[in-house]
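K.L.:
My structure is below; once you've seen it, I'll send some questions.
The values are calculated or read from the model by the stated rules, or taken from the named source; none is laboratory data. Owing to the predicted nature of the structure, the values given are computational and were not obtained by experimental measurement. Using ideal geometry, Cβ is built from the backbone for each residue, glycine included, and neighbour counts are taken over all protein chains shown.
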Amino acid sequence: MRLNERVGLSLDELSQITGTDGSVSVKYTGPTDALIVNGGLEDASVGYSAPLPLVGPSMKESELPPFAKIVDVTSIAELGLMVGAADPMMNFPAGTTFTPYSVLRNVSNAPISLTPAIWWMQGGQPHSARMQPLQLMPYQSQNMDVKGLLATAGLSNFNGSFNLVFEGDWKPGSLIATAGSVDQTKTYVFEVAPRSVTEGISKTMQYWSTGNGDDTMITVWEPADEAQDFVLTLSYSGGHYLLPLHLEARATRSINVSEHAELRSGQRRQRHPSLGPRGQRQDRGQPGRLGAHSGGH
């Protein structure tokens, strides 16, 4: 490739492969970070498209700054997966139903053991069900039977959103995950970004939109065993909007940005010229664990 050249590849050969899942690896000769790669899946006949998660090689201990260390990951969370009839607050066409998906890939040369767990809200209270542990062999891909997991949890007829959490112990960069929900026509693909569950004081998401037919749904999960209070900050050009959040232990809350009339009418807006660019979103809270995810259509 020449300097600053962009190349598009269509992997038509995949249609001739008998398998149904796997991975794509891109190798090149050159300086580190000299190549940026993006990928996706699409089916133009039905309007289906979804991005492919691509990650670079893990950083080695010898490459870290002084006193830094690599911390093993103990869990990742896929928040706001949808199943069954669409929630009316999301304003999808009548009759829209969703099927969740979750795909894992072990990109290391060692086995990974992990345990799936499902978390959902019912009657205002959090509920959970732990599944049987599974093992991913080196370089193995696993298309999870999410509806089967729901059935095991007694949720065969469940309609709504839930969280899928994988607990285990693996090195950063050794596990790739992608997840989301797709409707029966494969037109609406609601991607969920799997995130590691770690201690911190904030989570940041870079973009939200409620105009031109768009909407933004935010899912927040409190994975700790104590209640906490947070403030959701929706930043926009010229100010920001604050939404206090109280989450009980293990509770999940879904927020539809367009339903907040105060935001649309300008009430409770506060100007703050030092805030970041339009569309930046932050949810700040007390030190602890917080899972957050946003998506739109």
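K.L.:
Quick check, is G160 in the same structural domain as F92 (by TED's automatic domain parsing), closer than 23 Å to V83 by Cβ and surrounded by 17 or more Cβ atoms within 10 Å (Cβ to Cβ)?
P.N.:
yes
K.L.:
Then there's this: Scan region 227-238 for residues that are surrounded by 18 or more Cβ atoms within 10 Å (Cβ to Cβ) and free of Cβ contacts under 8 Å to residues at least 60 places away in the same chain and jot them down.
P.N.:
Once the filter is applied, which keeps residues that are surrounded by 18 or more Cβ atoms within 10 Å (Cβ to Cβ) and free of Cβ contacts under 8 Å to residues at least 60 places away in the same chain, region 227-238 yields L232, T233, L234, S235.
K.L.:
Can I ask one more? What about G80, is it part of a strand (DSSP E or B), assigned by TED's automatic domain parsing to the domain that holds K171, at pLDDT 80 or above and not β-branched (V, I, T)?
P.N.:
Against the criterion (part of a strand (DSSP E or B), assigned by TED's automatic domain parsing to the domain that holds K171, at pLDDT 80 or above and not β-branched (V, I, T)), G80 qualifies.
K.L.:
Can I ask one more? Here is a check on your reading of the model: is G168 farther than 28 Å from N109 by Cβ and of a type outside the set (F, W, Y)?
P.N.:
Spelling it out, it is not the case that G168 is farther than 28 Å from N109 by Cβ and of a type outside the set (F, W, Y).
K.L.:
Being under 17 Å from T204 (Cα atoms) and either modelled with pLDDT of 85 or more or in contact with a helix residue (DSSP H, G or I) (Cβ under 7 Å, 6 or more places away or on another chain) (or both) is the filter here; which residues of region 224-241 pass it?
P.N.:
Passing the criteria: D229, F230, V231, L232, T233, L234, Y241.
K.L.:
Then there's this: Consider region 198-226. How many of its residues are without any contact (Cβ under 8 Å) to a residue 60 or more places away in the chain and surrounded by 13 or more Cβ atoms within 10 Å (Cβ to Cβ)?
P.N.:
1
K.L.:
How many residues, within region 1-38, are hydroxyl-bearing (S, T, Y) and surrounded by 10 or more Cβ atoms within 10 Å (Cβ to Cβ)?
P.N.:
Final tally of qualifying residues: 1.
K.L.:
Kindly establish whether D225 is more than 27 Å from A85 (Cα to Cα) and not assigned by TED's automatic domain parsing to the domain that holds L104.
P.N.:
Yes.
K.L.:
Would region 92-100 turn up any residue that is in a strand (DSSP E or B) and out of contact with any helix residue (DSSP H, G or I) (no Cβ under 9 Å at 6 or more places or on another chain)?
P.N.:
The answer is yes, given that some residue of region 92-100 is in a strand (DSSP E or B) and out of contact with any helix residue (DSSP H, G or I) (no Cβ under 9 Å at 6 or more places or on another chain).
K.L.:
So, one more: Can you name every residue in region 122-157 that is surrounded by fewer than 17 Cβ atoms within 10 Å (Cβ to Cβ), of a type in the set (A, V, I, L, M) and in a strand (DSSP E or B)?
P.N.:
Within region 122-157, A129, L134 qualify.
K.L.:
Pick from region 105-120 the residues that are without any contact (Cβ under 8 Å) to a residue 60 or more places away in the chain and surrounded by fewer than 14 Cβ atoms within 10 Å (Cβ to Cβ): which of them is nearest to W221 (Cα to Cα)?
P.N.:
Once the filter is applied, the top-ranked residue is S113.
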